[in-house]
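Participant: Structure incoming, see below.
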Amino acid sequence: MPNHTQADYERFAQENGFQLCDVTPLSLEERVRRLETELSRTDVPYPIDPHKREAYIAAAKSGLPFRTGNLGTESVALGDYECQQHYENYTFEEHLSWACLVAQQEKTKEKFACKEYQNGEKLFEISRGVIPEFYLLNARIYQQTAWQLATVNEIIPTELFFTCHSKRFFPVTTFMRPLGTDYLEEPDIGHDVAGHVATFTISAVANVMKYHGEARNLIYADRDKQIEAVQGDAEAIQQLKATADELLKYAGRIYWFTVEFGLVMEDGKVRDFGAGILSSPGETVYSIGGSESNRILIDPSCDQDLLRLANTDYMISEFQKTYFVMENFDLLESLTPDRILNASKKAMDLPDFTWREIVPGDRVIDVGTAMTSVNEKYHRLMAGQEMDECLTRTAIKNLNLYRDGLSSELLSQFRQMPEEIPSEVTNWFNENQKTSDSPN
Ligand SMILES: [Fe+2]
């Protein structure tokens, strides 16, 4: 546990332009009073049903911790991942960590977030000094977008994550990153709330989120139909389940490079809208001006560009090495459930790209210093040299695909045919019979 002194707290507050007295959570009574005022609003796109309002306020008033929003008609079962927000249990240091993060984000977002995101932040001015209380936040989000919060205890499986999205629930954690931390691999409230909430107000982004949920439903409906057809064949059922989850991995990449780490052209400039970027002040600056990463222009309505997203592997342990820049927000609407599903199906059987490379046909805005050549991963694998997990995974997947034979019809759907893998590498690989599970 961090061991900060009062002097540290004062330094953190001073560095971020506020006073420690600003970090004062509201009492339960005051929170309920605000909730009552907010819930009675009728000048909103989704006014709250008076019957639901009474029960909602009663639950908040009784001190019952918030679990999952119940202001709409949908519900979602989170199983073992269900959590609750015990608002009174947050420590002063956790509230201070939130206040510091939001203060730092404000500065970088103002400079680098796109206009639509900044408008969303105005609509959802989240509390600056203290961690938001979920009864009030959930109600405000519902009133503006019909989305609600579902509280979870950790990163949840992709399948459940997209199930929530299909019903307009957004899974949020209750944990706050340690004071003074800029970037975390795992999501916390700083990511889920300070990063994501404003994006719900950008209808193109909210729709893409829901479309991913609907793509999940298509994949699982097809899986279940096929399971019925194989009538209890355990091996076949296991294979069908694995394939469905594999498809979700590719759909997840489209989500990753748009909703989480997407950039967009605005008035001739590259700007951020991805929540993963904007929840990290450091990555916000890096994503636009950093020299390390590639930036590539994308038209999401073009099938070949969509495949570029679905076939790009990535890592979560550090800042991204390639960002995709959407030509404009309107094009995002073209990411319908069917197109997400089709791209995921094709991507599964096509070679992947690593997060560091630039490939034939890319419309390059910036070449980063972290770029590697397309063939480097194969040579490094053969030489037994160290490389990151993304390069290893990609090399092994591709070598297996080429060994087993690739459909030329599928390959032709890339913008340009991928480069041939050097024959010395394929010969070496085929002799060594590496599988996708082999260690580096
Ligand atoms: Fe996220």
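Participant: What about Gly79, is it within 19 Å of Leu149 (Cβ to Cβ), among the small types (Gly, Ala, Ser) and surrounded by 15 or more Cβ atoms within 10 Å (Cβ to Cβ)?
Facilitator: In short, no.
Participant: Here is a follow-up. Has region 314-329 got at least one residue that is of a type in the set (Lys, Arg), within 18 Å of the chain's Cα centre (by Cα), away from the ligand (no atom under 16 Å from the Cβ) and more than 27 Å from Asp182 (Cα to Cα)?
Facilitator: No, region 314-329 contains no residue that is of a type in the set (Lys, Arg), within 18 Å of the chain's Cα centre (by Cα), away from the ligand (no atom under 16 Å from the Cβ) and more than 27 Å from Asp182 (Cα to Cα).
Participant: Same structure again: Just to be sure before I move on: is Glu154 away from the ligand (no atom under 15 Å from the Cβ) and either surrounded by fewer than 22 Cβ atoms within 10 Å (Cβ to Cβ) or more than 24 Å from Phe319 (Cβ to Cβ) (or both) in the structure I sent?
Facilitator: For Glu154, the condition - away from the ligand (no atom under 15 Å from the Cβ) and either surrounded by fewer than 22 Cβ atoms within 10 Å (Cβ to Cβ) or more than 24 Å from Phe319 (Cβ to Cβ) (or both) - is not met.
Participant: For the structure I just gave you, tell me whether Ile277 is buried (at least 24 other Cβ atoms within 10 Å of the Cβ) and either more than 11 Å from the ligand (Cβ to nearest atom) or assigned to a helix (DSSP H, G or I) (or both).
Facilitator: yes
Participant: Here is a further query. State which residue is surrounded by the most Cβ atoms within 10 Å (Cβ to Cβ) when the search covers only region 57-67 and only residues that are out of contact with any Leu (no Cβ under 7 Å at 6 or more places or on another chain) and closer than 21 Å to Val130 by Cα.
Facilitator: Phe66
Participant: Would you mind stating whether Val270 is surrounded by 15 or more Cβ atoms within 10 Å (Cβ to Cβ), of a type in the set (Val, Ile, Thr), under 19 Å from the mean Cα position of the chain (by Cα) and assigned by TED's automatic domain parsing to the domain that holds Ile340?
Facilitator: When the stated conditions are applied, Val270 does not pass them.
Participant: Something else: Name the residues in region 157-188 that are within 16 Å of the ligand (Cβ to nearest atom), surrounded by fewer than 23 Cβ atoms within 10 Å (Cβ to Cβ) and among the aliphatic types (A, V, I, L, M), would you?
Facilitator: Leu160, Met176, Leu184, listed by residue number.
Participant: Report the residue count in region 280-295 for those that are more than 13 Å from the ligand (Cβ to nearest atom) and either charged (D, E, K, R) or assigned by TED's automatic domain parsing to the domain that holds Leu179 (or both).
Facilitator: Count: 2.
Participant: While we're on this one: Does Gly213 count as within 16 Å of the ligand (Cβ to nearest atom), touching a helix residue (DSSP H, G or I) at 6+ places or on another chain (Cβ under 7 Å) and closer than 30 Å to His86 by Cβ?
Facilitator: yes
Participant: Let me ask something else about it. What's the total number of residues in region 189-199 that are part of a helix (DSSP H, G or I), of a type outside the set (Val, Ile, Thr) and within 12 Å of the ligand (Cβ to nearest atom)?
Facilitator: Within region 189-199, residues that are part of a helix (DSSP H, G or I), of a type outside the set (Val, Ile, Thr) and within 12 Å of the ligand (Cβ to nearest atom) number 3.
Participant: Output the number of the condition that Gly252 fails; it satisfies all remaining conditions of (1) in a loop (DSSP other than H, G, I, E, B); (2) within 15 Å of the ligand (Cβ to nearest atom).
Facilitator: Of (1) in a loop (DSSP other than H, G, I, E, B); (2) within 15 Å of the ligand (Cβ to nearest atom), only one is false for Gly252: (1).
Yes/no matrix, rows are residues, columns are (1) out of contact with any helix residue (DSSP H, G or I) (no Cβ under 9 Å at 6 or more places or on another chain); (2) in contact (Cβ under 8 Å) with a residue 40 or more places away in the chain; (3) more than 21 Å from Phe261 (Cα to Cα); (4) surrounded by 14 or more Cβ atoms within 10 Å (Cβ to Cβ):
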residue	(1), (2), (3), (4)
Ala55	yes, no, yes, no
Tyr87	no, yes, yes, yes
Leu101	no, yes, no, yes
Gln104	no, yes, no, yes
Tyr117	no, yes, no, yes
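Participant: Yes or no: Ala206 touching a residue at least 12 places away in the same chain (Cβ under 8 Å), among the small types (Gly, Ala, Ser), surrounded by 17 or more Cβ atoms within 10 Å (Cβ to Cβ) and more than 26 Å from Thr336 (Cα to Cα)?
Facilitator: no
Participant: Which ones in region 1-24 are assigned to a loop (DSSP other than H, G, I, E, B) and touching a Phe, Trp or Tyr at 6+ places or on another chain (Cβ under 7 Å)?
Facilitator: The answer is Val23, and nothing else.
Participant: Identify, from the list Val259, Val264, the residue that is outside the structural domain of Lys115 (by TED's automatic domain parsing), away from the ligand (no atom under 16 Å from the Cβ) and either more than 24 Å from Asn207 (Cα to Cα) or buried (at least 20 other Cβ atoms within 10 Å of the Cβ) (or both).
Facilitator: Going through Val259, Val264 in turn, just one is outside the structural domain of Lys115 (by TED's automatic domain parsing), away from the ligand (no atom under 16 Å from the Cβ) and either more than 24 Å from Asn207 (Cα to Cα) or buried (at least 20 other Cβ atoms within 10 Å of the Cβ) (or both): Val264.
Participant: While we're looking at this one, here's another question. Enumerate the pairs (first residue in region 319-340 and within 24 Å of Glu185 (Cβ to Cβ); second residue anywhere and assigned to a strand (DSSP E or B) and of a type in the set (Asp, Glu)) with beta-carbon separation below 9 Å, excluding pairs fewer than 6 apart on the same chain, so at least 6 apart or on different chains.
Facilitator: Qualifying pairs under 9 Å: Tyr323/Asp272; Tyr323/Asp366.
Participant: Can I ask one more? Here is a list: Asp299, Asp272. Which entry is within 16 Å of the ligand (Cβ to nearest atom), farther than 16 Å from Ala370 by Cβ and at pLDDT 95 or above?
Facilitator: Asp272
The values are calculated or read from the model by the stated rules, or taken from the named source; none is laboratory data. Just so you know, these numbers come straight off a predicted model, no measurement behind them. Neighbour counts are summed over all protein chains in view; Cβ atoms, including those assigned to glycine, are modelled from backbone coordinates with ideal geometry.
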